[in-house]
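Note sheet for the following structure.
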Amino acid sequence: MNLQDIYKAVQIRLKSVEFEKLWPAFKAYNFALYNQENVVLKDKVIPMNDQFVGNTVIKYDGFVISQYFLMTEEKGVLYGILSLTMTVI
């Protein structure tokens, strides 16, 4: 799976979460997935830059977003955000 496909898969999973049941007034926010080369945020793919460091929350383009770094193993298996969303959902 490429970065954009993983982003879409996470979006689908997050849409099934009833955030209000987890915590009153809790809701989904925008997020970015990135690797050593690119960042995917909504429908945009941009080159990786120094704003994206670690798995945290940043202010990007006037909005607060969460960001998650995805690493690849030699065999091309991606991990990181998918394991995180699986524990929440």
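Where a number appears in this text, it was derived from the coordinates with a stated rule and is not lab data. Only a predicted model underlies this, so the values are computations on that prediction, with no experimental measurement involved. Virtual Cβ from ideal backbone geometry, glycine too; neighbours counted across all protein chains shown.
For the reader, a short list of remarks on this structure follows.
- The simple Förster model, with R0 at 22 Å and r as the Cβ-Cβ distance, assigns Leu14 and Ile46 a FRET efficiency of 0.60.
- Distance (nanometres) between label positions extended 7 Å along Cα→Cβ at Asp61 and Ala28: 1.8 nm
- Less than 5 angstrom separates the built amide H of Leu41 from those of Ile46, all sequence-distant by 5 or more or on a different chain.
- Other residues with beta-carbon under 15 Å from the beta-carbon of Val45 carry, at +1 per Lys or Arg and -1 per Asp or Glu, a net charge of -1.
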